[in-house]
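Taken together, the values in this text are just the output of simple stated rules run on the coordinates, not laboratory data. In this text, all values refer to a predicted model and were calculated from it rather than measured experimentally. When we count neighbours, we look across all protein chains shown, and the Cβ atoms used for this are built from the backbone with ideal geometry, even at glycine.
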Amino acid sequence: MLVEYETAYWHATDSVVALKRAQLTVQRYIARKTEAGWVVAFGNFHEIKDAFMVAYEATQGSDVQQFTVKTYDPPRKDTAFFCIAATAIEISLQNSHLQKRAYNT
């Protein structure tokens with residue numbers, strides 16, 4: 001599952017970067033496997049951390065290398081799966097004793 005997650009976010013990221021936006025101001029990506037394939041949300045926490053603000057959402061096409069990207073301007077507020085996952089990532093990073101370097105979360 002971890003390899004599938006890595007592969008999905010990798011190709012989803014390539015699809016988002018291909019949009020050539022002037023500035024990708026997302027701090028976190030979160031992938032979710034659905035019955036239809038992978039969905040990867042790119043965004044940031046709302047300022048009071050009550051929601052995950054999705055700026056880009058990449059949805060898997062016919063295979064794991066093909067993603068269609070939807071842009072939300074303004075970002076779409078998610079208070080369900082992506083918000084809960086982002087909160088879990090933040091808590092795990094705060095409570096870990098990892099070396100101080102960038103981690104692929």
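Details
- For region 63-88, the set of residues classified as surrounded by 14 or more Cβ atoms within 10 Å (Cβ to Cβ) and aliphatic (A, V, I, L, M) consists of 64, 69, 85, 86, listed by residue number.
- Here residue 79 passes the criteria (1) under 24 Å from residue 3 (Cα atoms); (2) of a type in the set (S, T, N, Q); (3) touching a residue at least 12 places away in the same chain (Cβ under 8 Å) except the one numbered (1).
- Summed over region 41-91, residues that are farther than 13 Å from residue 30 by Cβ, in contact with a Ser or Thr (Cβ under 9 Å, 6 or more places away or on another chain) and not in a loop (DSSP other than H, G, I, E, B) total 6.
Every residue, every condition in (1) touching a residue at least 24 places away in the same chain (Cβ under 8 Å); (2) under 12 Å from residue 12 (Cα atoms), yes or no:
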| residue | (1), (2) |
| --- | --- |
| 45 | yes, no |
| 56 | yes, yes |
| 68 | yes, yes |
| 73 | no, no |
